[in-house]
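For reference, the structure is listed below as structure tokens.
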Amino acid sequence: MSQKSLAEISAPVRHFAIQLSATRRGARLARLLTERQLDEWGEAYDAAGQVVAELASNAVLHGRVPGRDFRLALRLHADRTLRIEVTDARGDRIPRLPEPAADDAEAGRGLRIVSAYAYRWGVVEAAAHGKTVWAELTQRQGDLPGRAV
């Protein structure tokens, strides 16, 4: 296989990106925009909406720097793998899977939810001392637009 054909295979077929305020409203908007964009693309969006909600919430709660926004990017590949990326301004705060949360805990489940929905996820360094938390979701046979993946 040539390098060109490998690049063509891995290149996203569809791409969406937006910068949002690092506020609760911005996190809510990230989920709504994800659902709308995936609906336009004819893709299932419940799982992606949940993953975006968790990653955007984490960006607002743990990655916020006053005066700096966060960025949401969606990349849909030809094999229907969806890569979700949320970039925030706090590269010094790397997310890790916590110990299981107590049943009555109000926090500590976000990355476990991401891990449950995602085929894989991780963190990479971003420009200006930031970080990008990414997750990849794959479509399973029988999924319908608007149905949980």
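Residues of region 27-37 include none that is open to solvent by 40 Å² or more (accessible area, probe 1.4 Å), part of a loop (DSSP other than H, G, I, E, B), modelled with pLDDT of 95 or more and out of contact with any strand residue (DSSP E or B) (no Cβ under 6 Å at 6 or more places or on another chain).
Consider region 76-95 and keep the residues that are closer than 17 Å to Ser21 by Cα and touching a Gly at 6+ places or on another chain (Cβ under 6 Å). The one that is surrounded by the fewest Cβ atoms within 10 Å (Cβ to Cβ) is Arg90.
When region 96-110 is filtered for residues that are modelled with pLDDT of 65 or more, under 21 Å from the mean Cα position of the chain (by Cα) and more than 21 Å from Ala22 (Cα to Cα), only Leu97 remains. The set of residues in region 123-149 being assigned to a strand (DSSP E or B), more than 12 Å from Leu82 (Cβ to Cβ) and either at pLDDT below 90 or not basic (Lys, Arg) (or both) consists of Val123, Val124, Glu125, Ala126, Gly130, Thr132, Val133.
Tell me, yes or no, whether region 44-53 has at least one residue that is of a type outside the set (A, V, I, L, M, F, W, C), in contact with an Asp or Glu (Cβ under 7 Å, 6 or more places away or on another chain) and over 17 Å from Val114 (Cβ atoms). Within region 44-53 (the criterion being of a type outside the set (A, V, I, L, M, F, W, C), in contact with an Asp or Glu (Cβ under 7 Å, 6 or more places away or on another chain) and over 17 Å from Val114 (Cβ atoms)), the answer is no, since none of the residues qualifies.
The values are calculated or read from the model by the stated rules, or taken from the named source; none is laboratory data. These figures come from a predicted structure and were not determined experimentally. Every residue, glycine as well, gets a Cβ built from its backbone with ideal geometry; the counts of neighbours run over all protein chains shown. Heavy atoms of the whole protein, side chains included, go into the accessibility calculation; ligands, DNA and RNA do not. Shrake-Rupley method; radii C 1.70, N 1.55, O 1.52, S 1.80 Å.
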